[in-house]
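Written below as structure tokens is the structure these notes are about.
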Amino acid sequence: MQKRAFRWISSLGGGSTSLFLGGIGVIAVVCLARMVGLWQGIELSTLDFFLRWRPAETPDERITLIEFTDEDIQALGAYPVPDAVLTDLLTDLQDYNPRVIGLDIFKDIPASDTETVDVDTDPYQALLRLLQTSPEILVIEKVLNSPIAAPAGVPRDKIGFVDAPLDVDGFIRRSLLATHSPFDEHFHFSLTIQLASRYLAAEGLFLDNGVRDPKAMRFGDTELPRLKPNSGGYVNKDIGGNPFVLINFRSGEQPFRRATYRQLQAGQVPADWLRDRIIIIGMTAISSKDYINSAAVVSPNPRQVPGLVLQAHTVSQIISAVLDRRPFLRPWAAPWEYLWIGLWGLIGMGLVHLKKKLPAILLIFIGLGILPIAIAYGLIFVGFWIPVFPVFIVYFLNGGSTVLYKIYQREQDIKIRLDERQRVIEQSYNTIHNGPLQALKGLIRKVSSNDIPMPSDTLNHELNHIDSELRSIYEFMQREYLTLQTRIYVTRNYAIDLEGPLHELLYQVYRNRIQESSSYFDKVKIKITDFCPIDASFLSLEDKEDIIRFLEEALCNVEQHSVRTTRLAVTCKQEQNDCIVQVLDNGLSRSEGTSNEDIAVNGTSLVKSSVGLNKSSRSMRGRGTRQAEALARRLGGRFARRPQTPKGTVCWLIWPVRPLSPWRLWQRRGQNLIARLIEKGP
């Protein structure tokens, strides 16, 4: 485990930095997918959902719909509606002085197959005369695919087309206001614009070109926002330069006053429904098939809207915007939309910095996830259509990965704290073991030996030395753990820099131990050392520290548990793909009766200790042995301590060389560089 100084460095390399780069990648991918139209269908459906589930608005009393239902057709006993019936209906409505009447029924041909010789008595000719001479009555045509002509002889300023271009999913969301017909040279206006123009003209507001957008239409100071090929959720929508507007459907089950033909004939329609109003006449009978798909309008037939109701919505949108300042529906400019998407991607990534418990983070994550949906829904009321689904995707991908990272980080923090505590325990023991405990062992050995008498002044000196060693442990531990550094203290006053080559560090440990215990090692006549360079690039600072502690422990064991040692060999080298650290002596064991079996191989066998102080401890593994076994397992290597024939003990640690990946290598170098900068200070 690395020091506290490297925790945040490691998190930068393997945690939050990767999370940040991944989050930026998610934002880029989601935006790119939107640019190519991957989210178009979902965004359009979301718009329908928001429009449909708005609270009901008050009905627009300026518009009244007169509809022919299936019951009306059955009562008439004829279909299509006879020309004479339409003539009588229009004549009756004129008596109420409506501001404008829109006949949303095609009348390019007679409704009866009967050929009448007398023009004066022909019902169709009578209807044509009425349509041609009544300035308040408008008729319809179809100018795009499979055109249908308007009634003959009707002036062009009284004709409006009813073509309704559908989106790729077959639903209507846009209104085409004007277009050039591919079949003639005329510029045609929609019935929507014709009805709105006639109504607003009476208010002194006339149709003109836009000011901010010259290609748009305008009534007074109100411009009709023109839909562009890449507006909102639309991607590369072919509009051919024609003025489209998004339809801001009027919400509610009854947005307009509606009456059937039979109710009108029975006198059940109030006069104020007709006087000075926009009246639209059309078919709502199922058999007429004059229905258009829309998921944004509440209708008795799910997703089916009669043609005259669609006309009413589009006309109401225009006159309500001009007279009542009811907002048009318009998207944000593309840069603002992508900034909005990116913002929520960053918010999702920002959850990683919350210093709260996991349940609180989950609640914040869910709450923030609802917020952009609520904002988008609220903005519909003021006329803005902003991205929802891309925001939802980018936030939940980034935020979800952040929450998972926080869960992982929480588990890692717990593990780090437990490892740190265990490390402090082990280091505390090593400090005591390699200092005062070793001195105490030597004193006990001297006092208990009958061959080596100890004067009282010598005993007093040794006890004072042990007392000093114990008192210095607190200071030693402070220097070891409360300082951000790459050095470790091998003894109280001797430190080495872990950044150096491993074989040099091991040689420093060997030389320091020989000097510290000169009273013992000076008696060793032959000292053989072989410290060769080894590949330690894949080792962490923690690994290097533990290997150093292993060599120090092995040399201490020679001093404490071997007598009459005349030869000591210490080796550090690399053979092919294995690194070896070995200590070999030819001394006799101080403990009598020790068996000559292996103490530990690969850290797996049941070990009998040869380093105990008495017979009761021979069957127990020492602390140093367990640490060496753990180190061998971590490095994927082997550890052993065994007697030699005819005398002596060998202790060795072998581990394989494992090359680092380029990413891990640069991460390790970055960690070490930052650690050195921290140590040097400002």
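The values are calculated or read from the model by the stated rules, or taken from the named source; none is laboratory data. Values in this document were obtained by computation on a predicted structure and should not be read as measured data. No Cβ is skipped: glycine too gets one built from the backbone with ideal geometry, and neighbour counts run over all protein chains shown. Accessible surface areas use protein heavy atoms only, side chains included; no ligands, DNA or RNA. Shrake-Rupley method; radii C 1.70, N 1.55, O 1.52, S 1.80 Å.
One table, with the values for the structure above:
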| item | result |
| --- | --- |
| Size of charge dipole - region 509-553 - debye, nearest 20, with Cβ of Lys, Arg +1 and Asp, Glu -1, no other charges | 420 debye |
| In Å², nearest 10: area of residue 20 left accessible to a 1.4 Å probe | 110 Å² |
| Ordering of 365-377, 646-658, 313-325 by burial proxy (mean other Cβ atoms within 10 Å per residue, highest first) | 313-325, 646-658, 365-377 |
| Probe 1.4 Å - accessible area at residue 264, Å² to nearest ten | 20 Å² |
| Within-11-Å neighbourhood charge of residue 260 [Cβ basis; K, R +1; D, E -1] | -2 |
| Hz values of 3J(HN,Hα) by residue in region 132-143 - Karplus curve (6.51, -1.76, 1.60), Gly and Pro given as x | 6, 9, 9, x, 8, 9, 10, 10, 10, 8, 10, 10 |
| Kirkwood hydrodynamic radius of region 294-417, Cα pairs, Å | 17.6 Å |
| Spatial separation of Cα centroids for region 38-99 and region 196-228, in angstrom | 24 Å |
| With DNA, RNA and ligands ignored, accessible area of residue 91 (1.4 Å probe; Å², nearest 10) | 60 Å² |
| By accessible area with a 1.4 Å probe, ligands and nucleic acids excluded, highest first: order of 347, 247 | 347, 247 |
| Estimated FRET transfer efficiency (residue 527, residue 419; beta-carbon r; R0 51 Å; 0.05) | 0.85 |
